[in-house]
Amino acid sequence: MAEAAAAGDAGPELAAVIGATVPTGFEQTAAEEVREKLGSASRISRDRGKIYFEVPARSLPQVHRLRSVDNLFVVVQEFKDYQFEEKKEDALKHLEDLVKKLPWTDPLKVWELNNSLKKKKTKRKKHNLQSPASREKLSEGGEEGGADQNTTNDQEDCAQNPVAVEPTGGQDTETPQGVASRNGVEEEEDHEQADVKVGEQEGSESGTKAGDSEAGTGEAKVLRFRVTCNRAGDKHSFTSNEAARDFGGAVQEHFQWKADMTNFDVEVLLNIHNNEMVVGIALTEESLHRRNITHFGPTTLRSTLAYGMLRLCDPQPTDIIVDPMCGTGAIPIEGATEWPSCYHIAGDNSPQAVKRAANNICSLLRKNESKDSSSALGVPLDVIQWDICNLPLRTGSVDIVVTDMPFGKRIGSKKKNWDLYPACLMEMGRICTPGTGRAVLLTQDKKCFAKVCSVRENQTYLHLKIH
């Protein structure tokens, strides 16, 4: 209620075009969630992994509760066919001149409103941390958890500091803090991400054009900012570093903000994909997929990707949903959170994976207790150690199978997949309900998977609908 009241202060006339990054390939799934939960139509960007939708500013709390989006930003202006100059100097000069022409006022109001919501959420978190339930330690998982939390998948994590990477194919690449890779898959197209600290001008601390005041003092606070440029395409005469540097210099001159690479208040985004360009202001400090997992494994799946996979199955009340290779439990935990009227079973052949999943379930229970201890009822989820090729489940007893299959890189090998995939797929087909059983399986070993599905003797067992 407090969030809704705070958002309502902005007035119904303030609307925002929100950009959201989503796991590549799940743009349509995210658009459907936006339509279902916010009542807004979405446009899928030509730049893969992004959608755009318009909402009233009062709906910001609901926007942050979307399960399929990774990062959010408010769009300052979008250019669907921006004509970049052929000469580098001219192209960069046009970017500098563009800063003064952009409609910053409403997007900055949305950013300020978003900031006020985050502050209230932080206060609630600090209050909850003082509860006895949240002070408990995770049993028998401290050592493993401490190591696992630092062993995160490179598909998930973004760099904590901008680090230069060796050029590939004549292109320079930088991955800034706060910009996650697109599902961890390298693109063949030229793709750059850069984050540049522009030179600080003297006197920048003396004032600001953003009306942000220190509480109780009346003194204007000089906002700190950085510019992050994401560029894809091979027909630009400039690099992402150069675009961020020159655009950032113009932003600093226009607002008299102070440049700061790490302790920034405002992150200005410059997204360039061929001739499509979007200027935005970030609304999330870290990806929204970091919500369920506290004990990480070598191949932890994003919660946003887990949600997208589950949504493809269209779970119905009383459905039994199984993840036979659960790893850290990202899929069943997301499922139990969003579809509590279904029953979720997680399993893995690795005792370490089962232990991590169990600890993540315990963390979720404690999180639920800290929110409202009076109504915490647990989650409809069990975790078991088993053999994926010999599941202890009745034939035709499962409605849905959702799992992240081994790619043969970090776990196992592609050679082993040729034996594993046929056996586990036939077992999945055995336990699923004939006619209505369905499965969503994630793999990068497409050759092996396609071959297994094409073999005639396997088709008798693979009666389930596979996405």
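The values are calculated or read from the model by the stated rules, or taken from the named source; none is laboratory data. Source: prediction; values computed, not measured. Cβ: placed from backbone, ideal geometry, glycine included. Neighbour counts: every protein chain shown. The accessibility values were calculated without ligands, DNA or RNA, using every heavy atom of the protein model including side chains. Shrake-Rupley method; radii C 1.70, N 1.55, O 1.52, S 1.80 Å.
Let me have the relative contact order for the range 311-408, percent, based on Cα pairs under 8 Å that are six or more residues apart. The normalised contact order for the range 311-408 reaches 38 percent. Full extension of the chain between residue 35 and residue 85 gives 14.2 nm of extra length, using 0.36 nm per residue less the Cα-Cα distance. Per-residue Karplus couplings for the range 287-301, computed as 6.51 cos²θ - 1.76 cosθ + 1.60 with θ equal to phi - 60°, are listed in order as 4, 6, 6, 8, 9, 10, 9, 10, 10, 8, x, x, 9, 5, 8 Hz, Gly and Pro entered as x.
Which pairs break 20 Å Cα to Cα here: 109/367; 50/93; 416/451?
Working: 109/367 32 Å; 50/93 27 Å; 416/451 14 Å.
Too far apart for the 20 Å limit: 109/367; 50/93.
Computed extension length for residue 263-residue 48: 74.5 nm, one decimal, from 0.36 nm per residue of separation with the Cα-Cα distance subtracted.
Backbone amide hydrogens, once placed in the peptide plane, bring residue 71 within less than 5 Å of 21, 288, excluding anything fewer than 5 places away on its chain. Structural size metrics of the range 21-67, computed from C-alpha coordinates, are Rg and Dmax of 10.1, 29 Å.
Accessible area per residue for the range 227-327 is 29 Å², calculated with a 1.4 Å probe on protein heavy atoms, without ligands, DNA or RNA. Ordering 275-281, 328-334 by mean Cβ neighbour count within 10 Å, with the highest value first, yields 328-334, 275-281. Residues of the range 22-50 with an amide N closer than 18 Å to a point placed 7 Å from the Cα of residue 314 along the Cα-to-Cβ direction: 28-37.
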